[in-house]
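The values are calculated or read from the model by the stated rules, or taken from the named source; none is laboratory data. Quick caveat, the model's predicted, so the values are computed rather than measured. When we count neighbours, we look across all protein chains shown, and the Cβ atoms used for this are built from the backbone with ideal geometry, even at glycine. Just the protein is used for accessible areas: all its heavy atoms, side chains included, with ligands, DNA and RNA removed. Shrake-Rupley method; radii C 1.70, N 1.55, O 1.52, S 1.80 Å.
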Amino acid sequence: MKTLRSTPLRLSVLLIAVFTLFMSVGLAMAFWVMRDALAADITLRAEQVIEDLRAIPEPEERLERAHEIISAADPRAMLLRLTIGNQTVGSVPDLPEGINDADATALPEPVADSYLVRRADLAPGALMVAVGRDSVAELSETFVAILGFALLPALMLTSAIGIVVVRRTSARVEAIRGTLHTLAGGTLTARVGSPHPDTDLGDISRDLDRMAEAQESATGALRQIGADIAHDLKTPIQRLAVRLEALGDTNLPEDARDQLDQARTETAQIIDTFQSLLQIAQLEGGQGRDTFGPVDLGALVADMAEIYDASAEDAGIHLTHALNRPLPVTGDRNLLSRLIANLIENALRHAAGTDIHLAVIGRTLIVRDGGAGIPADQRDVVLRRLARLEASRSTPGSGLGLAMVKAIADLHGAALALGDASPGLEVRIAFPD
Ligand SMILES: Nc1ncnc2c1ncn2[C@@H]1O[C@H](COP(=O)(O)OP(=O)(O)OP(=O)(O)O)[C@@H](O)[C@H]1O
Ligand SMILES: [Mg+2]
């Protein structure tokens, strides 16, 4: 189907169709014109003989002239019979009676395939002239030969060239399209790459690569700024935490201690946020991929269900899991635990009081709850860093859990989809084969 949509293919087919149409129409017109000219010439020749003999009044001379004509003519080109009284010149077998003058008729060997027959009453004498129509048949054969030896090979050649052109351009278009898809999927390192010939598609490939290059360095710079800020602030904030800790060891009035405790919680939250921001930036930069190995997704999900079973029980909810022919995936076990943990914690926090179900089907991981879910138009938004829905403002958290899930899924080349568990949120992560 994809090939049928190819512009070069459509153009080639159109060109070949136009070429065939013009050649066929041209050949047909040439054929009709030449056939008419030949037919007119044949009629003229018959009439000339009739006029020639009619012009001789003397019967003897007329018979003699008829004899001359017939002995000079090739029987395939002309036959003649002149009867005056009881004398006959010419040895033409009697042509079937009732033939219209304009008609052709078939005669036995060794004569031509068909003749144009003309009869004339010369008073005295009855004349019959038959002019061979072989040249018309030969004309048809010539045109069939032109068709076979010129048109068909030309068509085959143009089709072959068309196929080569279509193959080459489709490969280039496919390379460009593939690169665009990969770039759109967030992998900014993708390039068309192959040597670009000096064509319009080559120009597009070069421009696309240049654009991707600029995009990659711009994104890299932005990411670097974010990471630098997080990194530079992390140390002073950690120092602040240490100082607050030290302050706690001193003698403080009760209300100052309350304030201090709150300040310590806030600081811990800030450190967490910075750490998560840094880790997401590192994951987006591809860090961690070199330690990938086979991970038993089924066993991992069973472990995570067990770890969270106690807190689920405390919250009075059921945390169940089901494994349907689980397959191993390639990845980092710690990161994948983090991903599952984030999703379970989200369910515990944002779908409080509803049961949680984990499942693995082949290489697809599913986490489902029975809460309010996430409206379809917000499903892209919540994957961004620091994004939280209005309904969750009162819950603790910094809006980095799902951004981390997305970064881990991307690092593993897995497709992440948020859906509706009606009611509730269903998160699906499909790992590649
Ligand atoms: N299971 C869920 N049901 C309903 N809403 C959800 C669910 N999971 C996430 N959300 C919404 O998506 C937002 C972003 O989730 P995310 O995990 O990124 O941040 P968070 O849970 O608020 O904070 P953090 O995970 O950083 O502690 C949440 O604030 C919440 O509004
Ligand atoms: Mg979360």
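Scanning the stretch 1-60 for residues that are open to solvent by 70 Å² or more (accessible area, probe 1.4 Å) and outside any helix (DSSP H, G or I) yields Met1, Lys2, Ala55, Pro57, Glu58.
Taking residues in the stretch 375-389 that are in a helix (DSSP H, G or I), and partners anywhere that are surrounded by 13 or more Cβ atoms within 10 Å (Cβ to Cβ) and of a type in the set (Lys, Arg), the pairs with Cβ atoms closer than 6 Å and at least 6 places apart or on different chains are Leu383/Lys406.
All of Ile176, Ile237, Ile225, Ile229 fail the test of being outside the structural domain of Arg264 (by TED's automatic domain parsing) and in a helix (DSSP H, G or I), apart from Ile176. Among the residues examined, Leu343 does not qualify as surrounded by fewer than 20 Cβ atoms within 10 Å (Cβ to Cβ) and either outside the structural domain of Ala305 (by TED's automatic domain parsing) or within 8 Å of ligand 1 (Cβ to nearest atom) (or both).
Scanning the stretch 114-136 for residues being open to solvent by 40 Å² or more (accessible area, probe 1.4 Å) and among the hydrophobic types (A, V, I, L, M, F, W, C) gives a total of 2. If you filter the stretch 317-356 down to residues that are of a type in the set (Asp, Glu) and more than 16 Å from ligand 2 (Cβ to nearest atom), you find that the one that is nearest to Arg388 (Cα to Cα) is Asp355. For the stretch 198-210, the criterion of being open to solvent by less than 90 Å² (accessible area, probe 1.4 Å), touching a residue at least 12 places away in the same chain (Cβ under 8 Å), part of a helix (DSSP H, G or I) and among the hydroxyl-bearing types (Ser, Thr, Tyr) is satisfied by at least one residue.
Ser398 - would you say it is farther than 23 Å from Gly331 by Cβ, within 14 Å of ligand 2 (Cβ to nearest atom) and in contact (Cβ under 8 Å) with a residue 60 or more places away in the chain?
On the way: farther than 23 Å from Gly331 by Cβ: yes; within 14 Å of ligand 2 (Cβ to nearest atom): yes; in contact (Cβ under 8 Å) with a residue 60 or more places away in the chain: yes.
Answer is yes for this residue.
Among the residues making up the stretch 124-173, those that are among the β-branched types (Val, Ile, Thr) and assigned to a helix (DSSP H, G or I) are Val136, Thr142, Val144, Ile146, Thr158, Ile161, Ile163, Val164, Val165, Val166, Thr169, Val173. Ala359 satisfies every condition listed in (1) assigned to a strand (DSSP E or B); (2) in contact (Cβ under 8 Å) with a residue 24 or more places away in the chain; (3) open to solvent by 20 Å² or more (accessible area, probe 1.4 Å); (4) more than 15 Å from ligand 2 (Cβ to nearest atom) except (3). Selection over the stretch 293-315 of residues that are aliphatic (A, V, I, L, M) and either outside any helix (DSSP H, G or I) or outside the structural domain of Leu365 (by TED's automatic domain parsing) (or both) gives a count of 2. Out of the residues in the stretch 401-423 that are within 16 Å of ligand 2 (Cβ to nearest atom) and touching a Leu at 6+ places or on another chain (Cβ under 7 Å), which is most open to solvent (accessible area, probe 1.4 Å)? The residue in question is Lys406.
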